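The values are calculated or read from the model by the stated rules, or taken from the named source; none is laboratory data. Treat the numbers as computed from the prediction; the structure is a model and nothing was measured. Cβ sites come from the backbone with ideal geometry, for glycine too, and all protein chains shown count toward neighbours.
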Amino acid sequence: MRRYQEADTPADGILAFTLHAFLRSLGRKVDGRTYEQLRGALGRLERTVLESDGAWHDAEGHAGPARFTLLSSVTIDRRRQSDVDQLALFPALASNEPGEARVIVAPQLRATLAAGRSTTVVVSRYLALSSPVARRLYRLLEAQGVAPGQPWEVALERLAERLPLTQRYPSHLQRVLQPAHEMLLAAGLAKRIEMTQAGRQWLVRYER
């Protein structure tokens with residue numbers, strides 16, 4: 001996605017890059033193993049289907065069923081075209097020499113980004129949270145668009161479904177959420193978190 005932004009969000013969603021340069025930009029060691037890992041990762045982004053029923057909002061803001069992959073196409077040429085005529089001169093080169101990748105960002109994703117329906121998770125803050133539950137909560141708060149000073153209140157049962165958590169009883173859910181809440185408060189990702197009971201229902205209130 002960083003490369004997509006740096007390319008001025010091309011209308012056709014096409015991005016081209018060499019595997020070597022891509023690995024270098026990630027700070028990864030460049031060898032046969034990492035080349036294969038990168039090919040596999042790009043392939044999974046093309047094959048893994050995301051399905052949503054009411055959680056994904058399109059560019060117009062309508063929530064409904066959706067089914068798509070993050071990359072609609074991935075093509076990897078083993079060798080760069082400019083090198084093809086030189087192959088006979090270098091018979092010792094390995095056949096799996098890395099080449100160029102051409103990927104297409106899915107149109108659903110492009111439309112949503114163009115409409116400004118996106119949010120940002122700060123990677124350094126995200127990785128500083130050692131609890132998986134705290135990380136999920138951080139992502140959820142950002143996805144909800146909870147602005148500073150604007151609280152978000154959610155039923156404890158509904159929150160457990162969205163994280164998701166397997167515990168069923170409120171007391172068990174509170175024990176799981178407490179350390180995650182403490183991490184969010186310590187990291188400055190939440191200003192105040194309150195859990196209250198209204199009748200038989202428990203509510204969680206987050207304030208950024």
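Does region 186-202 contain at least one residue that is part of a loop (DSSP other than H, G, I, E, B) and either in contact with a Cys (Cβ under 7 Å, 6 or more places away or on another chain) or among the polar types (S, T, N, Q) (or both)? So far as region 186-202 goes, no, none of its residues is part of a loop (DSSP other than H, G, I, E, B) and either in contact with a Cys (Cβ under 7 Å, 6 or more places away or on another chain) or among the polar types (S, T, N, Q) (or both). Looking only at residues of region 158-175 that are part of a helix (DSSP H, G or I) and more than 24 Å from the chain's Cα centre (by Cα), we find that the one that is surrounded by the fewest Cβ atoms within 10 Å (Cβ to Cβ) is SER171.
Of the residues making up region 113-125, just one is over 12 Å from the mean Cα position of the chain (by Cα) and closer than 22 Å to ARG192 by Cβ, namely ARG125. Selection of region 193-208 for residues being more than 19 Å from HIS172 (Cβ to Cβ) and touching a helix residue (DSSP H, G or I) at 6+ places or on another chain (Cβ under 8 Å) yields TYR206, ARG208. Taken together, the criteria exclude ALA180 from residues that are surrounded by 13 or more Cβ atoms within 10 Å (Cβ to Cβ), free of Cβ contacts under 8 Å to residues at least 60 places away in the same chain, in contact with a His (Cβ under 8 Å, 6 or more places away or on another chain) and among the aliphatic types (A, V, I, L, M). For region 43-80, residues that are in contact with an Asp or Glu (Cβ under 8 Å, 6 or more places away or on another chain), over 20 Å from ILE14 (Cβ atoms) and among the aliphatic types (A, V, I, L, M) total 1. Scanning region 76-96 turns up at least one residue that is assigned to a strand (DSSP E or B), modelled with pLDDT of 85 or more and surrounded by 12 or more Cβ atoms within 10 Å (Cβ to Cβ). If you go through region 143-156 and pick out every residue that is surrounded by 15 or more Cβ atoms within 10 Å (Cβ to Cβ) and modelled with pLDDT of 90 or more, you end up with 3. When LEU177, LEU184 are screened for being hydrophobic (A, V, I, L, M, F, W, C) and under 18 Å from ARG125 (Cα atoms), only LEU184 passes. Checking the stated criteria, GLU182 turns out not to satisfy the condition of being under 25 Å from LEU50 (Cβ atoms), among the acidic types (Asp, Glu) and outside any strand (DSSP E or B). Pairing residues of region 146-159 that are aromatic (Phe, Trp, Tyr) with residues that are surrounded by fewer than 12 Cβ atoms within 10 Å (Cβ to Cβ), at Cβ distances under 9 Å and at least 6 apart in sequence or on separate chains, gives TRP152/GLY145. Just to be sure, is ARG135 out of contact with any strand residue (DSSP E or B) (no Cβ under 8 Å at 6 or more places or on another chain), surrounded by fewer than 16 Cβ atoms within 10 Å (Cβ to Cβ), part of a helix (DSSP H, G or I) and at negative phi? No, not satisfied.
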